[in-house]
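Bear in mind these aren't lab numbers, they're just calculated from the coordinates by the rules spelled out. Small disclaimer: the values here were computed from a predicted structure and weren't measured. Reconstructed Cβ throughout: ideal geometry from the backbone, glycine too, with neighbour counts over all protein chains shown.
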Amino acid sequence: MPDRLTGVLRGNLDVTGLGALLVVLLAVYAHYDSELFTPASITILSAQFLPLILAAMAQSTVMLAGGIDLSLGSVLALAMAVFAVRAEDGVLLAGVLALAAAVAAGAANGVLVAYAGLPPIIVTLAASFVWGGVTLVVLPKPGGAVPSGLVNAYNNGWNGIALPFVAIALVLVLWKAVRTTRFGLSLYAVGGNEHGAYASGIATRTVKIGTYAFAGVFIGLAGIGLAIQTGSGDATIGAPYTLNSIAASVLAGVSFFGGVGQMRATVLGALLIGLLTNLLLFTGMSPFYQLIVQGVVLIVAITVKTLATRERTD
Amino acid sequence: MIGRFSRAVVATAALGALTAATACGVNSDDKGSSGDAGKSKALKVGWSTIYLTPSWMQQTDKMMKADVDKLKSDGKIGSYQVFNANGDTSQQIAQIRAMIQQKYDVILVDAGSSTALNPALEQAVTAGITVVSFDSLVTSEKVVRVGTDQKEWGRMTGQWLGEKLGGKGKIIAFNGPAGVAVSEERWQGAEEALKKFPGIKIAANVHSEYNLAPAAQAFASAYSASPDIDGVFSQGGALSAAALQTLVKQKKKLVPITGENYNGFLKMWNDNKAKGFSSLSTAQPNYLGVIALRAAVAKAGGATVPSSIMVPLPKITDDNLGEYVKADQPDDSYPIQELPQAEIDKLIGK
């Protein structure tokens, strides 16, 4: 029995390690914030972490297929701007438009990567300027409005239910479903070995376009979440999400070379980064030292993770 | 195999311990500093700023810390904590939530977005916290706002440029980053003022960060496209310095350039005044932070404070330039006369 247990744990090394780390962080956090496990805190924290979790999931999706998305922050801001500008004429329509914008932007990135044969890092870097510009056209200065009832329900709970938490759970279910489809399997196959996938009859270009477009769904939802959380749109707010989403994905053990990684671990990775930065706010540490600690913890965590993976391939 | 697995576990545990230890170590420091709070109700004050590293912020930070020390010795402030969001507005929201959670009495905020912080700040107000926004303001009317009129900034300097050029000529508009409220508002004001001079044509509208290096590049390319300009509307000190530096380096005609109290620009202005260079500059005074602090302390103590405190913009002209420029200080500083306490009291309605 213990053998089987360690076997399962070893198979999920990333998830187990991150889970353990998360427990430690939560324990320390609870020490500072005794109300951490109350519904109110959970609602607020999940509202706060939702954009990063979804952004990290989008980044992981692209990375699993062997790509990377440096335009993520710009597309997120675009979705946020579209939603905030249109929200007053009907939240549902605004949400659909915002999602459509993000998916279209993702698909465009995918087409460039698949057909122009350019490295994703270059394509998406260039695309980040394009989408950044489009966002400024949509919303030249911070503004727009989201119905205050929705903002309130989202941030402070709706009949005691943490809406952002539910949203994350639903998105994970969506990923689980997609992961087992032909597209989901092809995504891993293309990331793991593109030539092999092509040789075995997978339309690798279509899969790549599909991957970037599908990541657009997550990015769009992240943008909508951020718009509801802040009650407005702001073209400049998205940028930090690009690098943070990569950090969360790498921390979760998603390989830069594609094909390796678990979405569960990505969610934990994003949570860890969010919780850690939050925790440092409670410590009363000088702001510059906070940045140092944040960086050091990330480096140590990634080193640990690399150590563990290296052993597995010995 | 099990050996390797447990090594990973040990490493993870070590990392966890590191996090915990760092956090706890600092915790004891924090308790130490809040011990001297005094017996009367000493306030727990926090300042969340979108940036802390630019020199303007550093100067503001220093000025505020000095004033906090005064208020601490009066027993009015118990503890003071600065939070740096490092350009990340989402992080700033997290900071405000953390301050609500930790039951701060006063939250000061220099906002990264004029709209995105509103829900968090309004929640703080509902929780009974005194919230004062200064410098880069939020749009919420539930918080006290201490600032300057950014539109007036653009209007005042734009009007001067129009008059200086006698109502006709070609100019380059040199603005801050696109999509940022301060930059957009200053330009709005300038456009209004310049509309009154139909003879003035805008040859190019250039955007740049408020930093010398990117500004110099942005201006150089715009200037090479229209070298026959008669003036520059610039809305930031580093931008003005970049523009003037380009003209001086290329030995071109020193056309009027509007500006700000960025010392590097003031020094260059002073050096080239004899050669006919002229400007009207203004300033985003660092003492906005001090006024915000004083207003918050007064309000938390039960006094009535106006909900919008607009601080007049200083005017730096060819005549009073000498009072501002500081030859012995670095370029990257913002010389300003301190505001007497009586003036501050008047502004916050004491």
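Each Lys and Arg contributes +1 and each Asp and Glu -1, all at the Cβ; summed about the Cα centre of chain A, the dipole is approximately 580 debye.
Which percent of the Cα-Cα distances in the protein assembly as shown go past 48 Å? Before the final figure, lay out the partial values.
Values: 44381 of 220116 pairs.
Cα-Cα pairs in the protein assembly as shown separated by more than 48 Å: 20 percent.
Across region A:260-265, computed HN-Hα scalar couplings (Karplus, 6.51 cos²θ - 1.76 cosθ + 1.60, θ = phi - 60°) run 10, x, 10, 5, 4, 5 Hz from first to last residue, x flagging Gly and Pro. The amide H of B:T282, built 1.01 Å from its N in the peptide plane, has B:G259, B:E260, B:N261, B:I316 as neighbours under 5 Å, considering only residues 5 or more places off or on other chains. Evaluating 6.51 cos²θ - 1.76 cosθ + 1.60 at θ = phi - 60° for every residue in region B:261-273, the Karplus couplings come out as 6, 6, 4, x, 6, 4, 4, 5, 4, 4, 5, 9, 4 Hz, glycine and proline recorded as x.
I'd like the distance separating the alpha-carbon centroids of region A:225-265 and region A:22-36, in whole Å. That distance is 23 Å.
For the residues of B:180-186, the average number of beta carbons from a partner chain within 10 Å of their own beta carbon is 2.
Decide, for region A:36-313, between rounded, prolate and oblate: order the square roots of the alpha carbon gyration tensor eigenvalues as a ≥ b ≥ c, take rounded if a/c falls under 1.5, and otherwise choose prolate if a/b is larger than b/c, else oblate.
Details: a/c = 1.63, a/b = 1.18, b/c = 1.38.
Verdict is oblate for region A:36-313.
Under Stokes-Einstein, with the Kirkwood radius over Cα pairs standing in for Rh, what whole-number D in µm²/s applies to region A:209-294 at 10 °C and 1.306 mPa s? The calculation lands on 107 µm²/s.
Checking the table B:K196/B:K251; B:K44/B:K151; B:K103/B:K346; B:K170/B:K273; A:K141/B:K253; B:K273/B:K346 against a 26 Å threshold on Cα-Cα, which pairs fail?
Working: B:K196/B:K251 31 Å; B:K44/B:K151 34 Å; B:K103/B:K346 30 Å; B:K170/B:K273 22 Å; A:K141/B:K253 35 Å; B:K273/B:K346 36 Å.
From the list (B:K196/B:K251; B:K44/B:K151; B:K103/B:K346; B:K170/B:K273; A:K141/B:K253; B:K273/B:K346), the Cα-Cα distance tops 26 Å for B:K196/B:K251; B:K44/B:K151; B:K103/B:K346; A:K141/B:K253; B:K273/B:K346.
Per-residue Cβ neighbour counts within 10 Å put A:T211, B:T139 in the sequence B:T139, A:T211, beginning with the fewest.
Peptides A:85-92, A:217-224, B:105-112 ranked from most to least packed, by the mean per-residue count of other Cβ atoms within 10 Å: A:217-224, B:105-112, A:85-92. Residues B:E209, B:E163, ranked from the fewest to the most other C-beta atoms within 10 Å, line up as B:E163, B:E209.
May I ask you to order B:186-196, B:244-254, A:47-57 by the average number of other C-beta atoms within 10 Å around their residues, highest value first?
Numbers: B:186-196: 19.5, B:244-254: 15.5, A:47-57: 28.0.
So the order, starting with the most tightly packed, is A:47-57, B:186-196, B:244-254.
Using alpha carbons only, how many angstrom separate the centre of region B:275-309 from the centre of region B:203-222? If we compute the Cα centre of each part, the gap is 29 Å. Close amide H partners of B:I200, meaning residues 5 or more places away or on another chain with modelled amide H under 5 Å apart, are B:G169.
In terms of its C-alpha gyration tensor, chain B comes out prolate, because a/c is 1.5 or above and the ratio a/b outweighs b/c. Taking each DSSP H run with n ≥ 4 as -39500 (n - 2.57) and averaging over every residue of chain A yields -26000 deg cm²/dmol at 222 nm.
When the protein assembly as shown is described by a simple charge dipole with +1 on each Lys and Arg Cβ and -1 on each Asp and Glu Cβ, the residue from A:A116, A:Y198, A:T38 located farthest towards its positive end is A:Y198. Database remark: amide H of B:V82 closer than 5 angstrom to the amide H of B:W47 (H placed geometrically; neighbours at sequence offset of 5 or more, or on other chains; Pro and chain starts carry no H). Counts of other chain beta carbons within 10 angstrom of each beta carbon in peptide B:117-123 average 5. The chymotrypsin sites (Phe, Trp or Tyr not before Pro) of region B:36-97 include none that meets both criteria, a DSSP state outside H, G, I, E and B (loop) and at most 12 other C-beta atoms within 10 angstrom of the site's C-beta. With θ set to phi - 60° and the Karplus curve 6.51 cos²θ - 1.76 cosθ + 1.60, what are the ³J(HN,Hα) couplings of region A:203-217 in order, to the nearest whole Hz, using x for Gly and Pro? Calculated HN-Hα couplings, in order: 6, 4, 5, 4, 4, 4, 4, x, 4, 5, 5, 5, 4, x, 4 Hz.
Going by a ≥ b ≥ c, the root eigenvalues of the Cα gyration tensor, does region A:139-195 fall in the rounded group (a/c under 1.5), the prolate group (a/b larger than b/c) or the oblate group? Intermediate values should be presented prior to the final figure.
Details: a/c = 5.18, a/b = 1.90, b/c = 2.72.
Oblate.
Under 26 Å of direct C-alpha separation, and excluding same-chain neighbours fewer than eight residues apart, A:K176 reaches these lysines: A:K208, A:K305.
Averaging the sequence gap over all C-alpha pairs within less than 8 Å and six or more residues apart, then dividing by the number of residues, gives chain B a relative contact order of 15 percent.
Most exposed first by the Cβ proxy, i.e. fewest other Cβ within 10 Å, how do B:S140, A:S148 rank? The partial results should precede the final answer.
Numbers: B:S140 20, A:S148 12.
Ordered from fewest to most neighbouring Cβ atoms within 10 Å, B:S140, A:S148 come out as A:S148, B:S140.
In summary, the aspartates and glutamates within cross-link reach of B:K76, defined as a Cα separation below 14 angstrom excluding same-chain residues under 8 places away, comprise B:D36, B:D67, B:D105.
Here the label points at A:F129 and B:K346, each 7 Å from Cα along the C-beta direction, are separated by 5.0 nm in the simple model. Mean per-residue shielding of peptide A:29-37 is 2, counting Cβ atoms of other chains within 10 Å of each Cβ. Averaging the Cα positions of each part gives two centres, and for region A:123-178 and region B:127-200 these lie 31 Å apart.
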